[in-house]
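Inspection log for the structure reproduced underneath, given as structure tokens.
The values are calculated or read from the model by the stated rules, or taken from the named source; none is laboratory data. Just so it is clear, the model here is predicted, and its values are computed rather than measured. Ligands, DNA and RNA are excluded from the accessible area calculation, which covers all protein heavy atoms including side chains. Shrake-Rupley method; radii C 1.70, N 1.55, O 1.52, S 1.80 Å.
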Amino acid sequence: MYLEFRDYDKTLLKRPNDGNRDISNTVAGIIEDVKERGDEALREYALRFDGSELDDLYASPAEFEEAENLIDPDLKKAIDHAMRNIRRFHEAELPEGEDVETESGVRCWRKIVPISRVGLYVPGGTAPLFSTVLMLAVPASVAGCKDIILATPAKNGRVNPAILYSASVSGVHSVLKVGGAQAIAAFAYGTESVSKRDKIFGPGNSYVTEAKRQISAVASIDMLAGPSEVMVAVDSSSNPEFAAADLLSQAEHGKDSQAMLLIRAGSREEAERIHLSVDNAIGKELDRIGRHEYMLPSLSHSFAFPVYSDDDLIAAINDYAPEHLIISTENPEKILEGVENAGSVFLGAYTPESAGDYASGTNHTLPTSGWARSSSGVSVDSFIKKITVQHIDRKGLENLGGTIRCMAEAEGLEAHSYAVKVRLSDDK
């Protein structure tokens, strides 16, 4: 049995422990080293961790040109197709800003301003995540960010061609050939070659996540992204092969990923039958796909839970607050009405989570580890600031002044009150 069947218990919704809680000092040392030695430290870490001897820390125009020539034409078309959808969806997110006359002579509005300098991090671990380049760079470009640097580790001095091509077509201004905690440190504090970033985005391993946590006092970050996760809700109408494929598509991200199966059934016996059919499908698909070194450890801390009402199904979803939620039940829209905590939702039998990972248009940089209870995934909003502005004419201040002075004086803030009084005095 690949996915253990357990009675629903909130304690089983805990995320897996990645087994490495001793990295804080290591990361702190790397950050301090980059702060002190700058580019020299970045070059040493690139050689030590990635086998890259870097004369230039950035990818050159020749490397971008070479990448475009090396990339498979079909993959290039796929990236272009995905980027069009991602751009179309994110362009629709652009806010217009409010402009309200709260009372006569008092006008308030918000000015929409892009964050000027952003740093995007793309991992270089088990697979070249060029899709993450699109998910970060496209909304940054749509928002109008003026200086977009992407950092990703180079292997033997070379960045994966698909990552470079994705960067070139999605609005990235330069690619830093550095990964790990050292890249985050460079973004946060700056070096001779890397200007300090106003906000840092992107997923990474435990070292990258810890680095983002440590530098969050001096630089804004998007979120602390943990291991990838999915919750798949099924019932007797669901296709077990589809469910198995969705579970495995998350399990293959890494050994600490989690794939939860939520079974809506009328009885325990029915739930067990559904579980067995999905589990059998997992076994068949594992034989075909491979990547067991990632999938089996992930499945070892994943579970299947039975629930016996729609209310219990919704409660379990909101308790877990999954990064990805697939609702493949008889009436998924009805279940969606009750969902409050999820990063991204996929409805119906023909909406695999991989569509959102790549090409449907929504963003795949999402809150994990239960953060979907209070935060959202990356969007255009992540790359902009909203500055409140107000303009009050004399008549407006005359109407509002008494209220301001009364409240200021009640709080003992006499200078606040005087700032109104001096403007309305007869000799002004």
Inset, instruction - Could you tell me which of rounded, prolate or oblate describes the stretch 2-97, using a ≥ b ≥ c as the square roots of the eigenvalues of the alpha-carbon gyration tensor, with rounded for a/c under 1.5 and, failing that, prolate when a/b is larger than b/c and oblate otherwise? - result: oblate
Legend entry - Where Asp319, Asp246 fall by accessible area, highest first, once all protein chains stay in place (1.4 Å): Asp319, Asp246
Inset, instruction - Please list Phe305, Phe49 in order of solvent-accessible area, largest first, computed with a 1.4 Å probe with all protein chains present. - result: Phe49, Phe305
Inset, instruction - May I ask you to list the lysines whose Cα is less than 23 Å away from that of Lys255, ignoring any residue fewer than eight positions away on the same chain? - result: Lys10, Lys14, Lys155, Lys212, Lys284
Inset, instruction - Quote the convex hull volume per residue of the chain, based on C-alpha atoms, as a whole number of Å³. - result: 197 Å³
Legend entry - Probe 1.4 Å, protein heavy atoms only - accessible area per residue of the chain in square angstrom: 48 Å²
Legend entry - Calculated diffusion of the stretch 264-365, Stokes-Einstein form, Kirkwood radius summed over Cα pairs, 4 °C and 1.567 mPa s, µm²/s: 85 µm²/s
Inset, instruction - When a/c is below 1.5 the answer is rounded, else prolate if a/b is larger than b/c, else oblate, so apply that to the stretch 139-263 with a ≥ b ≥ c taken from the square roots of the Cα gyration tensor eigenvalues. - result: prolate
Legend entry - Of all accessible heavy-atom area on the chain, the percent that carbon and sulfur account for (1.4 Å): 49 percent
Inset, instruction - Among Ser104, Ser379, Ser369, determine the one that fluctuates most according to a GNM of the chain built with springs between C-alpha atoms less than 10 Å apart. - result: Ser104
Legend entry - Volume of the Cα convex hull of the stretch 115-176, divided per residue and given in Å³: 64 Å³
Inset, instruction - Determine the shape class of the stretch 46-94: with a ≥ b ≥ c the square roots of the Cα gyration tensor eigenvalues, call it rounded for a/c under 1.5, and otherwise prolate if a/b is greater than b/c, oblate otherwise. - result: prolate
Legend entry - Those aspartates and glutamates that a straight Cα-Cα span of less than 16 Å connects to Lys334, excepting residues fewer than 8 apart in one chain: Asp235, Asp310, Asp311, Asp312
Inset, instruction - Select from Thr26, Thr132, Thr191 the residue whose mean-square fluctuation is largest in a Gaussian network model of the chain (Cα-Cα springs shorter than 10 Å). - result: Thr26
Inset, instruction - For the stretch 94-148, just run the numbers: alpha carbon Rg, then divide by 2.2 N^0.38 Å, N being how many residues it has. - result: 1.76
Legend entry - Rounded to whole Å, sorted largest first: equivalent-ellipsoid semi-axes of the stretch 210-313, Cα gyration tensor: 31, 19, 9
